[in-house]
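One structure is given below, encoded as C-alpha cells.
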Amino acid sequence: MFLAGTLLLALAACGGGGYEPTPVPTPAPTPTPGPSWSDVAPLRDAAAQAGRLVGAAVLSSLLGSDATYSGAAGRHFNYLTAEYEMKWDPVQRVQGQYDFSGGDAIVAFAESRGMRVKGHALVWHQALPDWVASLSPPELRIAFEDHIRTVAGHYRRRVHAWDVVNEAIDDSQAGLRSTVFSRGLGPDYVAEAFRLARKADPDAQLIYNDYGGEGQNRKSNDIYALVKDLKEKGLVDGVGLQMHLSAASFPAVADIRANIQRLADLGLQVNLSEMDVRVRDVAGDAATKLQRQRQVYRDVVGACVAVPRCEAVTFWGFTDAHSWVDATFGADDPLLFDEQYRAKAAFFGVEDAFFGR
C-alpha cells in the first residue's frame, strides 16, 4: 500500500496520470464607484450647452421626505415629470372627488427652483380607478371631458407641456389599441382629448406619448400617421418617444435618429420622454455592462442632440434606488445614479452627448 501511494505521488509530480487541479476563477473586478451626485457638475448645465431640457420622472413623497433624492433632482434637472401623481387614479380615485396634492407638490418644488414641469398623463388606459370601466358610453364621455378640463385647467399656465394621450397605438396590429376609451368613445377620442386640453390650457405644449416606436417599424409608422393627422388638425405640438431600452437589444441608433427627424419634419417637438437602459441581459461582468450602458445612453441622447427640434430628454427616474424596472423586469441598474446616488458611467455618457463628445 505504501509503495502504491508513493508511486501515485511521483506520477502526479511528473505529470503522469494526467491529474491537474481545477483552476480557481479570478473574480471580475468590481467597478470603482463613481463620485457622489453632489460632486459632479450639474447635468442641466451640460444640457443647456446643447439647448436641451433634461428631466426626470419624480415622486412627490420622496421629494418631501428624502433630502438626498430632492437634492440630486434639484441639482441635475430642469424639467420634471410626475411619475404617478397626475394620472387619473391618484387624481380622481372617487368619481368627482379630485386630489391634486401629489401633483401640486411636484409643481411647487419645480417652481421654487426655476424648473419646468410636464404633466403626465391626462388619458391612459392604465392607472384608472375601477369606476371608469363601469360607466356607460354617455357617462364615460361626460367623465372623460370633465377629467381633462378639470385637471388641465387646474395646472393652467403652470406646466410647460402635457402628455395628453399615452400609449394609444396597439402593439401587435395596426391602429389604436382596444381600451375603455376606444370602445366607449370611438377612435376620435384621441383627437377630442387634444381639443379639450387645448381649450383648458392654451399655453401648454400638447404631446402624444408612446413606447415601442423609437426606431423604424410598424408601430412607429402608426405613431407617425396618428400625429401627422393631429398636426394637420392643429391639435398636437409634440411627440414623446419613451425610450425604455435594453442595452442587449434595441433599435439601431441610425433608425432612432431618422425617426426623430421625420417627426420633427412634421413641425413637431420631439421628446425622449421616459428613458432608462436595462443591462441585466448584457453579456460580461459588471464593468462591461456599465460601459455598454454608457454607450447606449451616449448614442441615443446624441441622436436627439443631432436634431434641432428634439427639445428634451427625460429619464424615468434618476437613481437605481427607485426605478419601476425592478418591479417589472427584475433587479437591474437602469439609471444614471446608483443606489447610493453615485454617478455611474451612464451619467457621463449623457454628459458626453450633450457636449457633442
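The values are calculated or read from the model by the stated rules, or taken from the named source; none is laboratory data. This is a predicted model, so every value here is computed, not measured. Every residue, glycine as well, gets a Cβ built from its backbone with ideal geometry; the counts of neighbours run over all protein chains shown.
Observations, loosely collected:
- Residues in segment 87-101 that are in a helix (DSSP H, G or I) and either among the aliphatic types (A, V, I, L, M) or more than 22 Å from the chain's Cα centre (by Cα) (or both) were compared, and the one that is farthest from Phe77 (Cα to Cα) is Val91.
- Qualifying positions in segment 48-84 - closer than 17 Å to Phe347 by Cα, touching a residue at least 60 places away in the same chain (Cβ under 8 Å), in a helix (DSSP H, G or I) and under 20 Å from the mean Cα position of the chain (by Cα): Tyr69, Ala72, Ala73, His76
- Filter result (of a type in the set (D, E, K, R), free of Cβ contacts under 8 Å to residues at least 40 places away in the same chain and touching a helix residue (DSSP H, G or I) at 6+ places or on another chain (Cβ under 9 Å)) within segment 171-191: Arg183
- In the set (1) of a type in the set (Gly, Ala, Ser); (2) under 24 Å from Gly215 (Cβ atoms); (3) not in a helix (DSSP H, G or I), Ala353 fails one condition alone, (3).
- Selection of first residues in segment 126-139 that are under 20 Å from Val165 (Cβ atoms) and touching a residue at least 12 places away in the same chain (Cβ under 8 Å) and of second residues that are surrounded by 14 or more Cβ atoms within 10 Å (Cβ to Cβ) and of a type in the set (Ser, Thr, Tyr), restricted to Cβ pairs under 8 Å at least 6 apart or on distinct chains, gives the following pairs, ordered by first then second residue: Ala127/Tyr84.
- Those residues of segment 144-159 which are in contact with an Asp or Glu (Cβ under 6 Å, 6 or more places away or on another chain) and either closer than 24 Å to Ser134 by Cα or part of a helix (DSSP H, G or I) (or both), in sequence order: Ala152
- Scope segment 307-345; condition hydrophobic (A, V, I, L, M, F, W, C) and not in a strand (DSSP E or B); matching residues: Val307, Trp316, Phe318, Ala321, Trp324, Val325, Ala327, Phe329, Ala331, Leu335, Leu336, Ala345
- Per this entry, Gly184 is not counted among residues that are part of a loop (DSSP other than H, G, I, E, B), at pLDDT 95 or above and on the phi < 0 side of the Ramachandran plot.
- Segment 213-240 - residue that is of a type in the set (Gly, Ala, Ser) and under 19 Å from Val313 (Cα atoms) and, of those, surrounded by the most Cβ atoms within 10 Å (Cβ to Cβ): Gly238
- Within segment 311-357, if we keep just the residues that are surrounded by fewer than 19 Cβ atoms within 10 Å (Cβ to Cβ) and among the polar types (S, T, N, Q), the residue that is nearest to the chain's Cα centre (by Cα) turns out to be Thr328.
- Among residues of segment 179-217, those that are over 21 Å from the mean Cα position of the chain (by Cα) and not small (Gly, Ala, Ser), counted: 18
- Looking across segment 102-124 at every residue that is touching a helix residue (DSSP H, G or I) at 6+ places or on another chain (Cβ under 6 Å) and not in a helix (DSSP H, G or I), the one that is surrounded by the fewest Cβ atoms within 10 Å (Cβ to Cβ) is identified as Arg113.
- Only one of the numbered conditions (1) buried (at least 22 other Cβ atoms within 10 Å of the Cβ); (2) on the phi < 0 side of the Ramachandran plot is not met by Met243, and that is (2).
- Tally, over segment 268-306, of residues that are in a loop (DSSP other than H, G, I, E, B) and out of contact with any strand residue (DSSP E or B) (no Cβ under 7 Å at 6 or more places or on another chain): 7
- Considering (1) closer than 22 Å to Gly215 by Cβ; (2) at pLDDT 95 or above; (3) assigned to a helix (DSSP H, G or I), the lone condition that Phe348 does not fulfil carries the number (1).
- If only residues of segment 210-254 that are of a type in the set (Asp, Glu) and either in contact with a helix residue (DSSP H, G or I) (Cβ under 6 Å, 6 or more places away or on another chain) or not in a loop (DSSP other than H, G, I, E, B) (or both) are counted, the one that is nearest to Leu290 (Cα to Cα) is Glu214.
- Applying the condition of being more than 20 Å from the chain's Cα centre (by Cα) and among the small types (Gly, Ala, Ser) to segment 33-47 and asking which residue is surrounded by the most Cβ atoms within 10 Å (Cβ to Cβ) yields Gly34.
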